[in-house]
Structure formats: C-alpha cells, structure tokens
1. Among what's in the range 82-104 and is more than 16 Å from the chain's Cα centre (by Cα) and part of a loop (DSSP other than H, G, I, E, B), pick the residue that is surrounded by the fewest Cβ atoms within 10 Å (Cβ to Cβ).
2. I need the full set of residues from the range 27-42 which are touching a strand residue (DSSP E or B) at 6+ places or on another chain (Cβ under 9 Å) and free of Cβ contacts under 8 Å to residues at least 40 places away in the same chain, in order please.
3. So is GLY71 more than 27 Å from GLN168 (Cβ to Cβ) and not hydrophobic (A, V, I, L, M, F, W, C) or not?
4. For the subset of the range 72-81 comprising residues that are hydrophobic (A, V, I, L, M, F, W, C) and surrounded by fewer than 15 Cβ atoms within 10 Å (Cβ to Cβ), which member is nearest to the chain's Cα centre (by Cα)?
5. Looking only at the range 9-40, filter to residues that are touching a helix residue (DSSP H, G or I) at 6+ places or on another chain (Cβ under 7 Å) and assigned to a helix (DSSP H, G or I); which one of those is farthest from VAL87 (Cα to Cα)?
6. List the strands (runs of 3 or more DSSP E) inside the range 105-173, counting only whole elements, that have at least 2 residues being surrounded by 16 or more Cβ atoms within 10 Å (Cβ to Cβ).
7. Would you mind telling me which numbered condition in (1) touching a strand residue (DSSP E or B) at 6+ places or on another chain (Cβ under 8 Å); (2) under 24 Å from THR27 (Cα atoms); (3) not polar (S, T, N, Q) ALA110 fails?
8. From the list ALA75, ALA49, ALA45, which one is at pLDDT below 95, out of contact with any Cys (no Cβ under 8 Å at 6 or more places or on another chain) and under 30 Å from THR166 (Cβ atoms)?
Amino acid sequence: MLLVQCQFDRHAAAILAIFNDAIVHTTALYDYQPRTMANMADWFAAKQAGNFPIIGLENEQGVLMGFASYGPFRAFPAYKYTVEHAVYVEQSHRGRGLGEILLRHLLDAAQAQGKHVLVGAIDAENKGSIALHEKLGFAYSGILPQVGFKFGRWLDLVFYQKILSTPQQPVDG
C-alpha cells in the first residue's frame with residue numbers, strides 16, 4: 001500500500017465512485033443523489049482553499065482503496081481549531097484495517113496543522129465506524145435522534161470527538 005495526497009486529476013473519479021456507492025447503498029452519507037464530476041471539482045477546490053488534506057491509500061497497481069479528509073466543523077470563526085472528518089473505504093477493500101490507517105494519518109495531519117478537535121458524525125447503526133473511533137481514542141459526545149431519513153426510516157446521528165494537544169498557542173480572531 002502507498003499513502004498519497006489525493007489530487008483531482010488522478011483520484012477524483014475513484015473518490016466519486018466511493019462517495020456514490022456510499023450514497024446509493026449505505027447510510028454512511030445522508031445524501032440521496034449520486035454526485036457528479038462537477039461536484040468533485042467543487043469538493044477538491046474547497047479542500048484546497050481550506051488547506052484541508054485528502055489522504056488516500058493506493059494498492060500496488062495504483063488503485064485508490066480509500067480516502068480520508070476533514071473540513072470545517074461549523075462556519076463561525078471561533079471553531080477554527082475544530083474540524084469534522086470523514087473516512088471512506090471502497091466496498092471491496094473494507095474490513096482490512098484501511099480505515100484505521102487512514103484515520104491515524106488524518107490525526108497526524110490535524111496535529112501538524114494545529115487543529116484541536118476532530119469530530120466524527122456517524123450513523124448510529126454503523127458499528128464498524130464507531131468501533132474504529134473508540135479504538136483510536138475518540139469519545140462519544142452525543143446523539144441526535146431521527147435527524148436523517150433514508151431508505152424509508154429515521155436515522156440517528158452520533159458524534160465522536162478526539163481532543164488533540166495542539167495548537168500550543170491558540171489565539172482569538
């Protein structure tokens with residue numbers, strides 16, 4: 001496996017396929033309509049503008065097996081040290097520890113960028129993601145019952161967070 005910084009030209013189509021599989025087949029993403037390549041262009045541009053990493057894992061053939069990223073938690077300035085993250089692994093590569101590798105590298109990136117809190121918003125029935133977050137020291141922070149509706153049923157959203165030791169000298173403004 002090779003850890004890479006994902007680039008639009010090389011990885012957008014693979015990330016789009018992973019996103020769309022999650023949208024169509026799972027509750028990992030509370031979205032109804034598959035995304036388009038135009039959505040991916042906007043997504044990559046937003047990540048670049050915010051200096052947010054997109055970390056990928058490729059196999060020996062250069063195929064993207066999964067990716068992780070983070071972005072703003074909320075739009076208000078006082079949240080600048082808090083980010084909401086996401087980890088996605090392509091369906092045929094799940095259950096092999098790739099999510100853990102990606103999330104560990106995402107934690108390193110957040111610490112290097114002076115972030116203080118990573119927040120994961122997880123469908124309450126996603127036991128695998130919950131177990132991964134708990135394994136890596138994320139703490140349960142609460143539940144929002146029935147905030148999503150997909151596949152004909154109400155979905156509960158749980159929050160997990162990890163507080164980092166950074167930044168060393170946080171500032172207002």
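1. This residue is GLY95.
2. Hits for the range 27-42 are LEU29, ASP31.
3. no
4. Looking at residues that are hydrophobic (A, V, I, L, M, F, W, C) and surrounded by fewer than 15 Cβ atoms within 10 Å (Cβ to Cβ), I get ALA75.
5. Among those residues, the one meeting the criterion is MET37.
6. 117-123, 153-163
7. Single failed check for ALA110: (2).
8. ALA75
The values are calculated or read from the model by the stated rules, or taken from the named source; none is laboratory data. Since the model is a prediction, treat every value here as computed from it, not as a measurement. Ideal geometry is used to build each Cβ from the backbone, glycine not excepted, and the neighbour counts take in all protein chains shown.
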